[in-house]
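Trainee: Here's a structure for you.
The values are calculated or read from the model by the stated rules, or taken from the named source; none is laboratory data. Fair warning: this is a prediction, and the values are worked out from it, not measured in the lab. Using ideal geometry, Cβ is built from the backbone for each residue, glycine included, and neighbour counts are taken over all protein chains shown.
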Amino acid sequence: MSRPLSALAAAALLTAAALAPAAAAEPATFTVTSAAFAPGGMLTNEQVFNGFGCSGKNVSPALVWKNAPAGTKSFALMVYDPDAPTGSGWWHWVVYNLSAGTHSLPAGAGSTDGRHLPAGALQGRTDFGTVGYGGACPPQGSRPHRYFFRVFALKIDKLDVPADATAALIGFMVNANSLAVAETQAIYGR
């Protein structure tokens with residue numbers, strides 16, 4: 001034999017039931033993180049460029065993203081320094097045509113030969129003039145620069161860009177087809 005609910009217990013159950021659909025309807029936030037640096041933290045010598053007066057290891061950091069929006073068909077990654085003294089910033093890494101099933105890149109995925117990238121993924125030219133990851137290397141004595149690591153969830157399977165496309169052209173196509181952007185930032189100065 002079941003016991004009747006007290007008025008207080010019944011009110012609590014009704015409140016919980018009313019709130020459950022609202023909580024379930026909230027989409028999870030699309031995020032990207034790296035074990036190599038805390039958000040807003042300093043890049044290590046591992047992620048610093050080797051050249052232009054810098055003597056880092058030039059290894060791209062591992063990245064993990066989650067909670068892409070429904071309808072995501074592919075991803076693109078763009079790494080940008082808006083503080084470079086060029087008038088237009090500096091593109092450090094561009095990866096596109098990452099399949100919708102890709103949710104991470106290992107450390108070193110930005111090698112110029114691309115051998116650690118998932119099948120089908122391509123790298124665009126950076127402002128160093130080459131493909132692959134180009135690490136941080138701000139001018140000596142400048143304030144620390146900001147490095148934005150942005151993963152774009154795209155509504156298309158693949159970007160249709162020439163093999164020698166600039167980062168700006170790839171960025172234009174990425175933004176034109178973006179459903180959402182996940183971002184983390186690091187800094188580096190010398």
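Trainee: Looking only at segment 138-188, which residues are of a type in the set (Ser, Thr, Tyr), touching an Asp or Glu at 6+ places or on another chain (Cβ under 8 Å) and not in a loop (DSSP other than H, G, I, E, B)?
Mentor: TYR147
Trainee: Are any residues in segment 41-63 hydrophobic (A, V, I, L, M, F, W, C), loosely packed, with under 15 Cβ neighbours inside 10 Å and not in a loop (DSSP other than H, G, I, E, B), and if so, which ones?
Mentor: Matches in segment 41-63: MET42 only.
Trainee: Mind counting the residues in segment 138-178 that are more than 20 Å from the chain's Cα centre (by Cα) and not aliphatic (A, V, I, L, M)?
Mentor: The qualifying residues number 10.
Trainee: Separate question: Could you tell me whether HIS103 is in contact (Cβ under 8 Å) with a residue 12 or more places away in the chain and closer than 22 Å to PRO162 by Cβ?
Mentor: The answer is no for HIS103.
Trainee: Yes or no: ALA84 assigned to a loop (DSSP other than H, G, I, E, B) and either in contact (Cβ under 8 Å) with a residue 24 or more places away in the chain or among the β-branched types (Val, Ile, Thr) (or both)?
Mentor: yes
Trainee: Checking the structure you have, find out if any residue of segment 108-129 is of a type in the set (A, V, I, L, M), surrounded by fewer than 21 Cβ atoms within 10 Å (Cβ to Cβ), in contact (Cβ under 8 Å) with a residue 60 or more places away in the chain and not in a strand (DSSP E or B).
Mentor: The answer is no; no qualifying residue exists.
Trainee: Condition first: under 15 Å from the mean Cα position of the chain (by Cα) and within 18 Å of LEU43 (Cα to Cα). Now tell me which residues in segment 109-125 satisfy that.
Mentor: ALA109, GLY110
Trainee: What residue, of LEU77, LEU98, is in contact with a Pro (Cβ under 8 Å, 6 or more places away or on another chain), outside any loop (DSSP other than H, G, I, E, B), farther than 18 Å from TYR188 by Cα and modelled with pLDDT of 95 or more?
Mentor: Only one candidate passes the filter, namely LEU98.
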